[in-house]
Each structure stands twice: as C-alpha cells, then as structure tokens.
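Asks: Following this message is one structure expressed as structure tokens.
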Amino acid sequence: MKIYTKTGDKGQTSLIGGTRVPKYHLRIESYGTVDELNSYIGLIGDQELPLHDKELLKQVQDRLFTIGSSLASDPEKSKMVIPDLYQADIELLEKEMDAINEVIPELRHFILPGGDQAISFCHLARCVCRRAERLVVHLATESTVDEKITIYLNRLSDYLFTLGRKIAHDRKIAENQWIPRV
C-alpha cells in the first residue's frame, strides 16, 4: 500500500463513508487537531515518568484514535464499524485526577506553564486538547457527534493540567504561580 494516493492534491479528502470534503472542513479540522493532540501525548509519554503514567497515556492515545475515527466518519453515509468511546474511559480520567489530587497541594493560584520540559509538554497538550474540544463543540452544532467525545476531551485537558502538577510535585519543582500585578 502506498502512503500517497494523490486524491487530495486538489484540496479535497474523503471521510469514512466516501463523502468528499475540502481539507479545511470543520470535521477535518476536528480530527486533525485530535491527531495533533495525540502526537503531544506521545511526547509526554516519552519523558521520564512512572510506568503507571506512561501506560495511562498509551490508553489515552488509543482513545484519541477512537475519537479520530468517529470524527472522520460521515454520520449519514458510513457503514463501517468503528470503535466506541465508553463512559468508563471518562471515569478513568476522573479517577486518575482524584488520585493525583490526594497527593498534590491544593490549587490556590493560576499556574503558568513551565518549570520542566515534561510539565511544559503537558501544558502544550492541554492547550491543543482545549482547541480540539472547541472544534468538536462547533462541529456538534452542524453535524452528529457523540457527546462522550466532547466530555472526554474536556476531562483530558483537566487531566493533562493535573498531570503537569503531579510531575512538578514528584520532581520537587515549585509550581510557576501567576501572581498578578495590582
């Protein structure tokens, strides 16, 4: 199988189901941003982290592929069976955040990105995740989107913020608190 098809040379691409859309279509922007997010998650997973965190990030990457396949499908025409996102996937992120929040200090300030490369990668991924969420929310106003996708992306951005705080705590790095000028 060749990696290039030449079918997109004129700025169009196909959704699962065969519908041709412009490459700037909101559905393409949505799953493209989820793909970008997945790359950042891989970058975080490449850092020196506990095995538990690396394994969870691998699961997140799998769920992001699930989300991408759902977003890449034409809801009216696709007959292909694609993987599902489950409520348990959302609950896993919530349980992880609850466990982390048991060991890190209470949040009393806004946190500025930085302090360590792994922490910064978490913040980059969090920002891309929020962008993906905004795009998916917009797409849901125009087309059918599984509501669990929006919820999962919302929880994932919170998890990435919390993971960054955990990394700071584990590495004994002072959080980069925002203290506004008054």
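None of the figures in this text is laboratory data; all of them are computed from the coordinates on show. On a predicted model such as this, the values are computed, not experimentally measured, just so you know. When we count neighbours, we look across all protein chains shown, and the Cβ atoms used for this are built from the backbone with ideal geometry, even at glycine.
Asks: Ranking request for peptides 149-155, 134-140, 176-182: highest mean number of other beta-carbon atoms within 10 Å first, then the rest in descending order.
Replies: 149-155, 134-140, 176-182
Asks: By count of other Cβ within 10 Å, fewest leading, how are Val60, Val128 ordered?
Replies: Val128, Val60
Asks: Another question, then. In terms of the ratio Rg/(2.2 N^0.38 Å) built on C-alpha atoms, what value belongs to the stretch 27-74?
Replies: This ratio for the stretch 27-74 stands at 1.23.
Asks: Right, next: Scan the chain and report its longest stretch carrying no GluC sites (Glu not before Pro) that are both in a DSSP loop and have at most 12 other Cβ atoms within 10 Å.
Replies: Maximal segment without exposed cleavage sites: 107-182.
Asks: To check my understanding: the extent here is largest minus smallest coordinate of the Cα atoms along each principal axis. What are those three numbers for the chain, in Å, largest first?
Replies: Projected onto the principal axes, the Cα atoms of the chain cover 51, 35, 35 Å.
Asks: Cα convex hull of the stretch 6-51: how many Å³ per residue?
Replies: Taking the convex hull of the Cα positions in the stretch 6-51, it is 104 Å³ per residue.
Asks: Assuming R0 = 41 Å, can you tell me the calculated FRET efficiency for the pair Thr19 and Glu55, based on Cβ-Cβ distance, to the nearest 0.05?
Replies: 0.65
Asks: Would you mind computing, in nm to one decimal, how far apart the modelled labels at Asp170 and Leu112 are, each placed 7 Å from Cα along Cα→Cβ?
Replies: Each label point lies 7 Å from its Cα, and together they span 2.5 nm.
Asks: Tell me the relative contact order for the chain as a rounded percent, counting alpha carbon contacts under 8 Å between residues six or more apart.
Replies: About 27 percent, as a whole number.
Asks: Give the cross-link partners of Lys23 among the aspartates and glutamates, using a straight C-alpha distance below 12 Å as the criterion and excluding same-chain residues fewer than 8 apart.
Replies: Counting by Cα, and skipping residues close in sequence, Lys23 has these aspartates and glutamates nearby: Asp9.
Asks: Still on this structure: Can you tell me the FRET efficiency between Phe65 and Leu26 if r is taken as the Cβ-Cβ distance and R0 is 22 Å, rounded to the nearest 0.05?
Replies: Efficiency at R0 = 22 Å is approximately 0.65.
Asks: List the lysines whose Cα sits under 17 Å from the Cα of Lys166, skipping any in the same chain fewer than 8 residues away.
Replies: Of all the lysines, those that pass the test against Lys166 - Cα under 17 Å, at least 8 places apart if same chain - are Lys54, Lys95.
Asks: Using the basic label-point model (7 angstrom from Cα toward the beta carbon), what is the Asp46 to Arg181 distance in nanometres?
Replies: Taking the simple label geometry, Asp46 and Arg181 are separated by 3.7 nm.
Asks: Just subtract the alpha-carbon distance of Gln87 and Glu102 from 0.36 nm times their residue separation and send over the number in nm, one decimal.
Replies: 3.1 nm
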